[in-house]
Every structure is written in C-alpha cells, then in structure tokens.
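Presented below is the structure to which this report refers.
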C-alpha cells in the first residue's frame with residue numbers, strides 16, 4: 001500500500017506538469033512554427049503549419065481529459081501498471097516538451113512526443129476503463 | 001562495545017522473474033531510457049565528434065637561397081632586376097644589376113631549428129637611376145614533424161612601392177603558415193615539395209610573377225610574410241646602392257588538423273559516460289523503488305538462507 005501512496009501523487013504531478021507545458025506551447029507556438037518553415041515562407045504556409053500544431057495540441061488536451069477522467073474517477077488511480085506507465089510517459093513528455101520550447105525544435109518532433117507520451121497512456125487508460133466498467137474487474 | 005563503524009559493504013538482493021512479464025518490459029524500457037538519452041544529450045549539445053583540433057609546433061624552416069628581385073626605376077616601365085636563376089638573368093639583358101647579398105640564419109634558442117633570417121641586398125645603381133618600387137621573392141623549405149610529416153617548398157613575396165624614390169627598404173615580419181584545409185593527423189605530405197619557381201625552363205613565362213603566385217596560391221598550404229608595414233627610407237646618396245634589409249622570423253605555429261579515429265572516440269566517450277553516470281544513478285534509484293516495493297511483481301531471492309527441515 002505504501003507504494004501507492006507515492007505513486008499516486010507522482011502520477012498527478014507529472015500529469016499536471018505535462019498539461020501545463022502543453023498549455024504553454026499553445027501560447028508560445030509561434031517560434032516553433034517558424035522553426036519548421038523555410039526562411040522565406042508565405043502566410044499560407046505559416047497558417048498551415050500553425051493549424052497542424054494547434055490540432056495536435058488540441059488532441060493532446062482531449063487525451064488529457066480522458067486520462068484525468070480515469071484518474072480522478074478512481075478507475076485507474078490505484079492500478080500500479082497504469083500508474084507506472086503514466087508516470088514514465090508524462091515525465092518523458094514534460095522533459096521533451098521543455099526542450100521543444102527552449103531549443104525551438106521543428107514541428108514533427110511534436111508528433112513523435114505526442115504518439116509516444118500522450119497516446120500510449122491514454123490507450124492504457126481506455127483499456128483500464130473498459131476492463132473495470134465492462135469486464136467488471138476490480139480497480140486495483 | 002561498538003563505538004564506530006569500522007567497515008560496511010552492500011548486500012545484494014536479486015529479483016527474479018519470467019521472460020514475458022511486465023517487469024521485463026519495465027527493465028527493457030529503463031535500459032533504453034538509460035543508455036540512449038545520454039547519447040542524444042551529448043550529441044545535441046554540439047561538439048560530440050571532434051572534427052578539428054590544433055597543435056603547436058615550430059616548423060623547421062631553411063632559406064633555399066633562391067631569390068628574385070625586381071625594382072622599378074621609372075614611370076615608363078624601366079626596371080632593374082636580379083635573381084639566382086641564370087635563365088632569368090639572361091633574359092634581363094642590360095636591366096640586370098647584381099647585388100651584394102648577405103644572408104644569415106640564426107638559431108637563438110639553440111634547439112636545432114632556425115629562428116630568424118637576416119638578409120641584406122645592396123643593389124648597385126647608376127647615378128641617375130632611382131628606385132620607386134621593389135618586388136622580392138624568397139624561397140624556403142618548410143617542414144613539420146609532430147603529427148603528419150609535411151615537407152614543402154614555400155615562398156615569401158614582398159612588394160612595396162612609393163611615389164618617392166627611396167634609398168632603403170626595411171622589412172621585418174614573421175613567416176606564417178596559411179592552411180586552406182586542416183592537415184591529416186599522420187602520414188607524409190610531400191605533394192608541395194616542388195620548387196615554387198620552375199627552374200630549367202628557358203621561357204620567360206616561368207618567371208612571370210603573376211603566374212608564379214597564381215600557381216602558389218592554388219596550394220592548400222602556403223606561407224606568407226606577415227609584415228605590418230615595410231619602412232621605405234628616402235634620400236639616397238648619388239653613388240650609394242639601394243639597400244634591402246629583410247628580417248624574417250620563423251615563429252611557433254598553431255596548426256589545425258583533423259583528429260584521428262581514437263582521439264575522436266576518446267572525446268566522444270568522455271562526453272557520453274559523464275552524462276550516462278547521471279542517468280544510471282537516476283534510474284538505479286527508480287528501479288530500486290519499483291522492485292523493492294513490488295510495484296511490479298517479481299520473486300526476490302531472500303537474504304538469509306532458509307533452513308530446510
């Protein structure tokens with residue numbers, strides 16, 4: 001039981017850190033969009049890339065909502081597998097996205113981070129929710 | 001009575017599990033997260049592979065005693081000249097003036113390598129002749145030994161002109177090496193061990209300064225005289241010769257080279273391992289937490305041997 005006492009706060013903290021960084025990228029995405037365009041770009045190209053990044057960020061927020069729903073409703077709060085996966089994924093995402101902002105990485109890096117660190121825990125969350133709600137497994 | 005801790009050593013707890021378990025997956029993931037990010041961090045922070053480095057060496061320079069001197073004596077293209085190439089002198093006709101030459105190479109710190117060249121040329125002139133410009137070409141043999149062995153023939157070209165006729169030209173400078181590309185770290189580099197001026201050819205084009213300099217500057221390794229300003233001294237006495245005093249120093253050179261395989265690997269390894277230590281420490285703590293608290297189920301081997309009955 002003691003391990004859960006440390007795993008649950010760790011999961012909450014990393015989730016929040018990742019969420020905060022995603023919201024920060026929403027506000028500061030101009031530099032990153034410019035980094036993936038050639039030196040002389042048109043307004044259309046800029047808007048295209050900007051839209052793509054906004055879509056990515058919005059989907060990330062959607063997946064966050066899903067995961068937070070599962071976490072706060074208690075469906076996966078005490079599951080060590082999901083907890084470990086979530087901590088690892090969101091911790092890596094926080095570190096990578098900080099680099100994404102500071103080093104002004106190009107846009108395609110965001111899709112890599114998104115697929116590895118947002119999709120995977122969200123899928124795990126879905127599986128866990130399915131198992132508890134439909135297959136009536138215990139939420140432990 | 002136990003006062004103080006005299007010695008301690010860690011006791012190992014082994015955690016065993018099957019191949020297809022979550023614990024194995026976790027350990028694989030931790031392995032990837034431990035050994036790959038240090039490489040990324042070290043590479044992305046620039047300078048992972050050492051592509052160019054420098055070393056210092058004083059070259060072995062020897063004056064080759066081949067010179068070419070041209071002095072302009074008027075505005076209508078009159079000149080006097082002299083060289084150590086008999087073919088060139090033959091082409092000059094009456095413009096040839098043979099100077100008195102005094103050359104001295106000094107090794108001031110007695111290390112076997114010359115440090116300075118003192119050259120004096122006294123060009124005899126007719127009473128009505130005045131010198132307005134001087135072009136002087138000196139040839140050297142230049143050798144480096146520390147990393148790759150470089151043997152080449154090089155030159156220093158000095159040119160000065162003035163609108164007033166002069167009596168003396170005083171040049172004081174260093175013979176510096178100019179590299180277009182870094183040198184290799186080993187091997188013999190004797191491609192430029194050919195004379196700067198093509199001797200043995202009776203044609204005048206081989207003594208044309210522009211073509212000599214064009215061919216010389218096409219090299220990847222050249223020397224030049226780094227001379228801030230030559231001193232043009234005016235007021236020549238009527239029957240006095242024109243003096244050229246040149247002092248050329250052979251300084252310690254900083255030479256850039258491309259490091260070899262092992263030097264590159266050494267520096268890359270130092271960078272990788274120093275970041276790896278941080279990741280190893282961090283993930284060791286995480287793994288200890290996970291396995292000690294049985295976050296993922298494994299079978300720990302007990303510390304004390306259980307007695308079987």
query: So which pairs qualify, if the first residue must be in the stretch A:67-89 and within 14 Å of another protein chain (Cβ to nearest Cβ), the second must be exposed (fewer than 15 other Cβ atoms within 10 Å of the Cβ) and part of a loop (DSSP other than H, G, I, E, B), the Cβ gap must be under 7 Å, and the two must be at least 6 apart or on different chains?
result: A:78/A:140; A:79/A:140
- prompt: Is it the case that residue B:183 is in contact (Cβ under 8 Å) with a residue 24 or more places away in the chain and either touching a helix residue (DSSP H, G or I) at 6+ places or on another chain (Cβ under 7 Å) or over 23 Å from residue B:79 (Cα atoms) (or both)?
  reply: yes
Conditions (1) more than 14 Å from every other protein chain (Cβ to nearest Cβ); (2) more than 14 Å from residue A:8 (Cα to Cα): number failed by residue A:95: (1)
- prompt: Here is a list of conditions, (1) surrounded by 12 or more Cβ atoms within 10 Å (Cβ to Cβ); (2) at pLDDT 90 or above; (3) within 14 Å of another protein chain (Cβ to nearest Cβ), and residue A:63 meets all of them except one; can you say which number that is?
  reply: (3)
- request: Within the stretch A:26-45, count every residue that is in contact with a helix residue (DSSP H, G or I) (Cβ under 6 Å, 6 or more places away or on another chain), buried (at least 17 other Cβ atoms within 10 Å of the Cβ) and under 28 Å from residue A:68 (Cβ atoms).
  value: 2
- request: Test residue B:87 against the criterion of being assigned by TED's automatic domain parsing to the domain that holds residue B:243 and surrounded by fewer than 16 Cβ atoms within 10 Å (Cβ to Cβ), and give yes or no.
  value: no
query: In the stretch A:1-22, what residues are farther than 25 Å from residue A:74 by Cβ and either within 14 Å of another protein chain (Cβ to nearest Cβ) or free of Cβ contacts under 8 Å to residues at least 60 places away in the same chain (or both)?
result: none
- prompt: in a helix (DSSP H, G or I), out of contact with any strand residue (DSSP E or B) (no Cβ under 8 Å at 6 or more places or on another chain), farther than 26 Å from residue B:22 by Cβ and within 14 Å of chain B (Cβ to nearest Cβ), is that true of residue A:26?
  reply: no
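Among the residues of the stretch A:38-49, is any out of contact with any strand residue (DSSP E or B) (no Cβ under 6 Å at 6 or more places or on another chain) and on the phi > 0 side of the Ramachandran plot?
no
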query: Among the residues of the stretch B:20-28, is any modelled with pLDDT under 95, outside any strand (DSSP E or B) and more than 14 Å from chain A (Cβ to nearest Cβ)?
result: yes
query: Which ranges mark the strands (runs of 3 or more DSSP E) fully within the stretch B:151-262 that have 1 or more residues being under 29 Å from the mean Cα position of the chain (by Cα)?
result: B:221-226, B:242-249, B:253-257
message: Which count do you get for residues in the stretch B:270-301 that are surrounded by 12 or more Cβ atoms within 10 Å (Cβ to Cβ) and under 30 Å from residue B:48 (Cα atoms)?
response: 13
query: Scanning for something touching a strand residue (DSSP E or B) at 6+ places or on another chain (Cβ under 9 Å) and touching a residue at least 40 places away in the same chain (Cβ under 8 Å), does the stretch B:18-41 turn up at least one residue?
result: yes
- prompt: Which residues, counting only those in the stretch B:99-126, are within 24 Å of residue B:225 (Cβ to Cβ) and either outside any strand (DSSP E or B) or without any contact (Cβ under 8 Å) to a residue 24 or more places away in the chain (or both)?
  reply: B:99, B:102, B:104, B:106, B:107, B:108, B:109, B:111, B:112, B:113, B:114, B:115
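The values are calculated or read from the model by the stated rules, or taken from the named source; none is laboratory data. Since this is a predicted model, take the numbers as computed values, not measurements. When we count neighbours, we look across all protein chains shown, and the Cβ atoms used for this are built from the backbone with ideal geometry, even at glycine.
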